[in-house]
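The values are calculated or read from the model by the stated rules, or taken from the named source; none is laboratory data. Since we're looking at a predicted model, the values are computed, not measured. FYI the Cβ positions are ideal-geometry reconstructions off the backbone, even for glycines, and counts take in every protein chain you see.
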């Protein structure tokens, strides 16, 4: 009688296919809500006088939302991006000079517009797009990342 060929990694292959399919779906709603809540709390903190970690969280979200929009999920105008850039830069300058980590009304509105798009992106963009943007952000912040980018341009 003929012997069937055994595939010892059959369960691994099935798990891998499930994971690949899951990457095509949006993030689970509970996870998206948790992430959105964290950044909205950071925004609220900076309205009243937060801390550097609040500004850093919003800066990360700003970069992520821009990358995800560039991938085709969500719409951000250049004016929205520029306004949020200016607001976060002013917040960092104020905070580092001892004036407190705060956003003024216009800065709050500019960053809130980015967060609204980010909320939508978390609910509709496939997980692989979110992961790719997060990995790109991690590479941007890695030690020597700027030097590597300069070498690539040279």
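Annotations
- Yes/no for residue 72 being over 27 Å from residue 131 (Cβ atoms) and not in a helix (DSSP H, G or I): no
- Yes/no for residue 55 being over 13 Å from the mean Cα position of the chain (by Cα), closer than 21 Å to residue 134 by Cβ, modelled with pLDDT of 95 or more and in a helix (DSSP H, G or I): yes
- Lone qualifier among 55, 79, 36, 71 - being surrounded by 13 or more Cβ atoms within 10 Å (Cβ to Cβ) and either within 13 Å of residue 110 (Cα to Cα) or touching a strand residue (DSSP E or B) at 6+ places or on another chain (Cβ under 8 Å) (or both): 55
- Taking the numbered list (1) in contact with a helix residue (DSSP H, G or I) (Cβ under 6 Å, 6 or more places away or on another chain); (2) more than 18 Å from residue 44 (Cα to Cα) in turn, residue 69 passes all entries but (1).
- Members of the stretch 87-106 that are in a helix (DSSP H, G or I), touching a residue at least 24 places away in the same chain (Cβ under 8 Å) and under 21 Å from the mean Cα position of the chain (by Cα): 87, 88, 91, 92
- All positions within the stretch 117-154 that are outside any helix (DSSP H, G or I), at pLDDT 85 or above and over 12 Å from the mean Cα position of the chain (by Cα): 126
- Screening residue 56 with (1) within 21 Å of residue 139 (Cβ to Cβ); (2) touching a helix residue (DSSP H, G or I) at 6+ places or on another chain (Cβ under 8 Å) gives one miss only, at (2).
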